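Comments concern the structure below.
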Amino acid sequence: MLKNLTRRSTRQGVQAVVAAAAIVATVFVAPSAHAADPSTKFRLEYGASYAYGTLRWHQRSVDVDVTLHASYCRQLKAYPFDRNGVGHQPGWTPRVCNGTISGTISLPVNVPGGAAIVRLDLVDETGKLLVSKPCRPSANCDK
């Protein structure tokens, strides 16, 4: 009887050690609840003008880090859409004529899930669309 009691006690002890090790491994291996926000590289070209940069997707906003090089006068406009296709407040760079600027456009999309698509438009000084590109989180948008 003592032998069975010892075996059961040892088995329970081993099970407790294995369970504790599994918990510790889960704590150190499990991904963070706040995983890094996805980003998307982009590039638009029209003649000698181009805009390139990174879209940084957050829970309820998107940051557009952009460099715009303009031959003649150009402007980059950014239009965010949520997963239901509803458009939200756009943002844009200042108009640039024969020069280069860099900066960040912040696009608030204050709905659960934030933006699903950002459409980037390169326009001329009259607002005429020259080239457009829809971009999604973690997608390749620079070709």
How much length would be gained if the chain were fully extended between Lys133 and Arg60, taking 0.36 nm per residue of separation minus their Cα-Cα distance, in nm to one decimal? 24.2 nm
In sequence order, calculated HN-Hα J values of region 39-46 (Karplus, 6.51, -1.76, 1.60; Hz; x Gly/Pro): 9, 9, 6, 9, 8, 10, 10, 8
Assuming 0.36 nm per residue, please report the length gained on full extension of the stretch Trp92 to Val111 beyond their Cα-Cα distance. 4.8 nm
Taking θ as phi - 60°, what are the ³J(HN,Hα) couplings along region 86-93 by the Karplus curve (6.51, -1.76, 1.60), each to the nearest whole Hz, with x for Gly and Pro? 7, x, 10, 3, x, x, 7, 7
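Rounded to the nearest 0.05, what FRET efficiency do Arg83 and Asp124 have when you use their Cβ-Cβ distance and R0 = 25 Å? Provide the component values of the computation, followed by the final result.
On the way: r = 31 Å, r/R0 = 1.26.
After rounding, the FRET efficiency stands at 0.20.
We did not get these values from a lab; they are worked out from the coordinates using the rules stated. Here the structure is a predicted model, which is why all the values come from computation and not from measurement. Backbone-built Cβ (ideal geometry, glycine too); neighbour counts: all protein chains shown.
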